[in-house]
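To keep things clear, I will list the structure first and then write my remarks on it.
Rule-based calculations on the coordinates, nothing more; no lab input. Predicted model only: the values in this text are computed from it and were never measured. All Cβ positions, even for glycine, are placed from backbone atoms using ideal geometry, and neighbour counts span all protein chains on display.
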Amino acid sequence: MEYKEPFGSLSAKHLKVGDLVLWKNYYSEKLGVIVSLDIKILGGRPVSVARIVSADGSFGQAEVFTINLKVLSESSIAE
């Protein structure tokens, strides 16, 4: 079987845990902080997703395709 790069992996390379991100959910914008980056199998294909917690209290946790995320502020956590 041929290896396929996970969908959204190019955009995931620019994301880090702790980044403040924005994305649109239907007609509203959501704001959150990335707590983990994962690869899941959806529809038989690997897909890059981010688990996000709310930065403004509008939701608890969400799992979003990394391709939908826009970085507002990069993490300043020293590793």
Task: Length-normalised contact order of the chain in % [C-alpha pairs under 8 Å, at least 6 apart] - done: 34
Open item on the list: Modelling each spin label as a point 7 Å along the Cα-to-Cβ direction, I'd like the S73/L22 distance in nm, to one decimal.
Closed with: 1.3
Task: Per-residue HN-Hα couplings for the stretch 29-43 [Karplus 6.51, -1.76, 1.60; θ = phi - 60°; Hz; x = Gly/Pro] - done: 9, 10, 10, x, 10, 6, 10, 7, 10, 9, 10, 10, 8, 10, x
- [ ] Hey, can you grab everything whose amide H is under 5 Å from the amide H of D19? Only 5+ residues off in sequence or another chain; H modelled, so Pro and N-termini drop out.
- [x] I34, S75
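Where nothing but the Cβ of Lys and Arg (+1) and of Asp and Glu (-1) is charged, how large is the charge dipole of the chain around its Cα centre, in debye to the nearest 20? Mind dumping the intermediate values first?
Values: 9 positive and 9 negative charges, 40 e Å.
That gives the chain a dipole magnitude of about 200 debye.
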